[in-house]
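In what follows, a single structure is set out as structure tokens and then discussed.
What follows draws every value from the coordinates through simple rules; no lab data is involved. All values derive from a computational prediction rather than experimental measurement. FYI the Cβ positions are ideal-geometry reconstructions off the backbone, even for glycines, and counts take in every protein chain you see.
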Amino acid sequence: MSGENIKAKEIKRLTTPLTFTDSKAYDREGKLIKCVETLSEVKYIMEPKEGILTDDEILRYAPDSKAAARIRLKRGFGNMEDVLLVHESLPWIFGLYYVILICFAIPMVHAKNTLVLIVLLVLFILPLIYSYYIYNLKSYTSKRKKPRPLPKNDAQKVTKQSEIPKETLNQVSSLKEYESEINDLKVLFDVKESVVRDLIAKRFEPPQITYDRFISMVDKSHKMFYGQVDSATNIINLASDDSPRIHDELKNKIRNMKTIIDQIEELTNELVINISSEKQSDEDVKILLDDMENLIGSVKEYGGEDD
């Protein structure tokens, strides 16, 4: 399996909702997901496999994982929730430690042995010092390395690039910056589309009229999404100016893409709940399909898409 296929498979695993059986959670590969218990909540979190995704991809596709929390802390924009997630067992360990220490210290205090009292005091203080280090957000931030001097050839390239008029550089960068976001949205849509198609086939085994309607709606969503992608890409490649209208149009296309992805994700979650439900009522799912039809109609109307 190629590297791209492995990455796509991992993204699909991370973005597919968990299934629950006998109060246990499983990912799409059938692997048991451990329960993570912090001071404030209990939840099931899928951790990304090592060596497959980049840090940015982990933040995008597994934002609630411990791996993502470590990355946020390392980059300097993590918070106390990230610290508690990374060190989820630490409060319980400290609690047990102090219970044992207090039980041991009570008879020692009555002995009035100065050396023993000093040792006990040190044992009480050490975890507090360690806690200060653990819960100090600044201690996670990696020190920035000084940039290495560029080789002569690279330095010449930079010099030549600096000779390009600033207006040209600004125009290219201001439009090209949308390309990365569009590419990310394409990957995310492809993964979620694959997941929802699998779930539809599982819930409404073909041939069925209901199955055909669901798949037809996903097909329309696919066509609509990539219509927005193609339109945005053409604007980036063919625009001759850098006007606010161009930026507004690109933002509108990206907003439409995100809305379609959100609708696909809502349909996926509803199907997962529907499959797991004993009653298996289709009403909520059909309501979502109606919402998707309305969404597609509005995108066609305001997004300039044809049938």
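Would you mind calculating the gained length between D198 and N136 on full extension (0.36 nm times residue separation, minus the Cα-Cα distance), in nm to one decimal? Show your work: numbers first, answer last.
Details: separation 62, 0.36 × 62 = 22.32 nm, distance 4.46 nm.
Working it through step by step, the gained length comes to 17.9 nm.
Once you place label points 7 Å from the Cα toward the Cβ at D190 and K258, how far apart are they in nm?
2.2 nm
Give me the distance in nm between label points sitting 7 Å out from Cα along the Cα-to-Cβ direction at D248 and K9, one decimal.
4.7 nm
Counting residues in the stretch 90-140 as N, plug N into 2.2 N^0.38 Å and put the Cα Rg over that result. Walk me through the intermediate numbers first.
On the way: Rg = 13.3 Å, N = 51, 2.2 N^0.38 = 9.8 Å.
Relative to the rule-of-thumb radius for its length, the stretch 90-140 sits at 1.36.
At a 10 Å Cβ-Cβ cut-off, how would you order F20, F94, F214, F204, fewest neighbours first? Please report the intermediate quantities before stating the final value.
On the way: F20 13, F94 16, F214 25, F204 20.
Fewest to most other Cβ atoms nearby, the residues stand as F20, F94, F204, F214.
In cubic angstrom, how much convex hull volume per residue do the alpha carbon atoms of the stretch 3-86 span? Spell out each step's value before the answer.
On the way: hull volume 7.5 nm³, N = 84.
Expressed per residue, the convex hull around the Cα atoms of the stretch 3-86 is 89 Å³.
For the pair Y44 and N183, how long in nm is the line joining their label points, each one 7 Å along Cα→Cβ?
In this crude spin-label approximation the distance works out to 3.4 nm.
Figure the gain on full extension for D55 and Y97 (residue separation times 0.36 nm, minus the Cα-Cα span) and round it to one decimal in nm.
On the way: separation 42, 0.36 × 42 = 15.12 nm, distance 3.49 nm.
Stretched fully, the D55-Y97 segment lengthens by 11.6 nm.
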